[in-house]
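Working notes, beginning with the structure itself.
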Amino acid sequence: MSSRYTAVFDVLERGLRRVCGENVSIVVDIEPSFQPKLRVGERVLNFSQISDGLKATLGWMADFMMREDAPGLLLFDGIEGFLHPLWQRRILPAVRETLPETQSIVTSHSPFVISSCADAVIHVLKVNKDGSAYAEAPVRAPIGESITSTLKDIFGVDSRFDVETEKQLNEWNELNKIRVEGKLEPADEARFKELTRVLSSRSEELRSIVNQPSPLPKATVDSLTQTPAGRVRRRVATH
């Protein structure tokens, strides 16, 4: 094998190890038939046995490295395709580490990709009501921000729950506001209790939200804190 191919294999294997988080190496059996395989940890797998994400990543990385001499430009649409979220977090750092002289311009709908690479610049593309597209002012990658923040700030996804839970939680919040005001009708009270039961049964996080003590109505607070003369009644704690 020529020194060029050896160098490409070395860089390729280093990149795959960075993505997979495991010891990965390429194995090529010359005899009895030429058949490349992949060693992942202790397993030796042929290409029909590896995941589509790993297969695609191996394919485009090998193709790019064989075509380009540094420095290079990598254009990639949907770089997270078929990749597990763990690998989505690693793919751009792996490209930067293994191809340090390559400028990468990629598109992604993954918050794991968007928030994975320090010093990256994010161009958020949006669509007007008439169907025309426009780009917002570029921003720095949200390094150090939570995935929830990235979903909200970059992708405009406000809820951290599934669509059905979000709908029910919004309904619960509206009913709770009316309940605090003391204006909940009997039918709505029954619906509020049912939503509380359903949401509480789904997760500890939801249970902590819907079972929080409700704030007292303002009129009740005023009646408890004001004397008949309109002065604030103070309680002095003694030890």
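Summed over region 83-101, the residues that are touching a helix residue (DSSP H, G or I) at 6+ places or on another chain (Cβ under 8 Å) and loosely packed, with under 14 Cβ neighbours inside 10 Å give a count of 2.
Across region 11-28, the qualifying residues are those that are within 26 Å of the chain's Cα centre (by Cα) and touching a residue at least 40 places away in the same chain (Cβ under 8 Å), and the one among them that is farthest from Ala62 (Cα to Cα) is Gly21. Of the residues examined, Ser104 is one that is touching a helix residue (DSSP H, G or I) at 6+ places or on another chain (Cβ under 9 Å), among the hydroxyl-bearing types (Ser, Thr, Tyr) and not in a loop (DSSP other than H, G, I, E, B). Which of the residues belonging to region 125-177 are under 19 Å from the mean Cα position of the chain (by Cα), in a helix (DSSP H, G or I) and surrounded by 11 or more Cβ atoms within 10 Å (Cβ to Cβ)? Hits for region 125-177 are Ile147, Thr148, Ser149, Thr150, Leu151, Lys152, Asp153, Thr165, Glu166. Screening Met65 on (1) buried (at least 16 other Cβ atoms within 10 Å of the Cβ); (2) farther than 20 Å from Ala94 by Cβ shows it passes everything except condition (2).
Values in this text are rule-based calculations from the coordinates and carry no lab data. The shown structure was predicted, so the numbers you read here are calculated from the model rather than taken from an experiment. A quick note on method: Cβ atoms are made from the backbone with ideal geometry, for glycine too, and the neighbour counts reach across all protein chains shown.
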